[in-house]
Amino acid sequence: MDLRLACVGRLRQPFTREGASHYAHRIEGYARLEIREVRSGRDELRDLGRALAGCRTVLLLDRKGKELDSEQLAALLAEFRDTAQQPIGLAIGGADGIPRDFGPPGSQRISFGRLTHPHELFRVILLEQLYRALTILRGGPYHSGH
């Protein structure tokens, strides 16, 4: 599986860098993962679009999107994998999220709940959920024991 994570902003806090690195390393055993960071500010949406260029399908992380649980995320990734819709792009917006009018045609908005998370922390959450989804697809025990 080929995944590209496009994020507005850098990880500044040591604990978020460590957590993101931990799960990115674990994902590498299951899929190719590329993380592209874009600067926040006036051109962040243009740069976020560029970071997603070439992705066959795009998931926009939006708290108002369709709520998915871990098994549903795994099934969605499997659908994209099985229908050759790769690389799969995933986008995390900046402080103001991702505007409604942003996204390539066919992109989907998904949510991990209605809570608002700091974007640095949410990157760690997303990477953990990607790792969990990949272990579900391989029939691994991780998702049931944690």
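Read-outs throughout are calculated quantities, based only on the coordinates presented, and are distinct from any laboratory measurement. Predicted model only: the values in this text are computed from it and were never measured. For neighbour counting, all protein chains shown are included, and Cβ atoms are generated from backbone atoms with ideal geometry for every residue, glycine included.
A few remarks follow.
- FRET E, pair Arg32, Leu115, Förster distance 25 Å, beta-carbon r, rounded to 0.05: 0.25
- Furthest towards positive pole of dipole, Ile136, Leu60, Leu76, structure part the chain, Cβ charges: Leu60
- Spin-label pair Arg46-Ser107: with each label point 7 Å from Cα along the Cα-Cβ axis, the two points sit 1.6 nm from one another.
- The stretch between Ala75 and His22 holds 16.7 nm of extra length on full extension. This uses 0.36 nm per residue minus the Cα-Cα distance.
- Amide H contacts of Arg109 (H built 1.01 Å from N, in plane; Pro and chain starts excluded): Leu60, Lys66 sit under 5 Å, all sequence-distant by 5 or more or on other chains.
- Computed 3J(HN,Hα) for segment 93-101, one whole-Hz value per residue from the Karplus formula 6.51 cos²θ - 1.76 cosθ + 1.60 where θ = phi - 60°, is x, x, 4, 9, x, 10, x, 4, 8, glycine and proline marked x.
- Taking 37 °C and 0.692 mPa s as conditions, segment 2-145 diffuses translationally at an estimated 216 µm²/s according to Stokes-Einstein applied to its Kirkwood radius (Cα pairs).
- Interchain or long-range residues, amide H under 5 Å from Gly89's placed H: Arg4, Arg56, Thr57, Val58, Leu59
- Model label points for Phe15 and Ala84, set 7 angstrom from Cα along the Cα-to-Cβ axis, are 4.6 nm apart.
- Charge sum, other residues only, whose C-beta stays under 9 Å from Leu3's C-beta, Lys/Arg counted +1 and Asp/Glu -1: 0
- In a DSSP loop and with at most 12 other Cβ atoms within 10 Å, the trypsin sites (Lys or Arg not before Pro) in segment 71-146 are Arg100, Arg114, Arg138.
- Where only DSSP H runs of four or more residues are counted, the chain gives -12500 deg cm²/dmol as its mean residue ellipticity at 222 nm, each run worth -39500 (n - 2.57).
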